[in-house]
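Here's the structure, in structure tokens; my notes come after.
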Amino acid sequence: IFIQYIFYNVNAPLAIKFTLIPILYGIGLATVHDVEMNFMGTIYACIAVLFTTCGQIFTQVYQKRFTLNALQLLYLTSPVIMFGMMILIPFFDDIDKLMNYRWNWETIFWILLSCILALGVNITNYLVLGKTSPLTYQVSATQTATRTKSITQTPTQTRTQTPTRTRTPSQTATR
């Protein structure tokens, strides 16, 4: 809301601003009880949130300004993203390992499946951002992530348990 107001002079209605209260409370609660925080991680998280937010706002603004649908926007942004990733790969990946990797059909299958799922996610992102606001997108993404986590996580996985050590008879005898 703050970035939209600063860059585009868009003021969100009061009802939308009030929706931030339970969201921020939930994020704070999850952060306190579920995440170990450190200074560098907090800095990286803040940078990630800033860039993600700006990307979502700019996507919505340009999609509406040029009246693009989700597939047109994907067609125009994919080459830029691809070249950006090609520039960043040498900084974050081991090129020698990538060049000497022994390919097999299972690896190729998982890479293609990942590409297809990423395409679906990107189209969905552009559809939602084109029809709603970045705030609505964030709320729906957070809700989806929360539901997915609650479905895939069993009750025993919610808390870290310290393993109990059992003593062998020889360990007990030496005490």
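Computed with every protein chain present, the accessible area of Lys97 is close to 140 Å² [probe 1.4 Å].
Among the chymotrypsin sites (Phe, Trp or Tyr not before Pro) within region 70-108, those in coil by DSSP and having at most 11 neighbouring Cβ atoms inside 10 Å are Tyr101, Trp103.
The figure for Val49 is an accessible area of roughly 90 square angstrom, using a 1.4 Å probe on the protein chains alone.
If eta is 1.567 mPa s and T is 4 °C, what Stokes-Einstein diffusion coefficient results for region 35-115, Kirkwood Rh from Cα pairs, in µm²/s? Result for D is 79 µm²/s. Rolled with a 1.4 Å probe across the full set of protein chains, the surface gives Leu50 an accessible area near 90 Å². Heavy-atom accessible area with a 1.4 Å probe sorts Lys17, Lys64, largest first, into Lys64, Lys17.
The values are calculated or read from the model by the stated rules, or taken from the named source; none is laboratory data. Since this is a predicted model, take the numbers as computed values, not measurements. Because the Cβ atoms are built from the backbone with ideal geometry, glycine has one as well, and the counts that use them run over all protein chains shown. Keep in mind that these areas ignore ligands, DNA and RNA; they rest on the heavy atoms of the full protein, side chains included. Shrake-Rupley method; radii C 1.70, N 1.55, O 1.52, S 1.80 Å.
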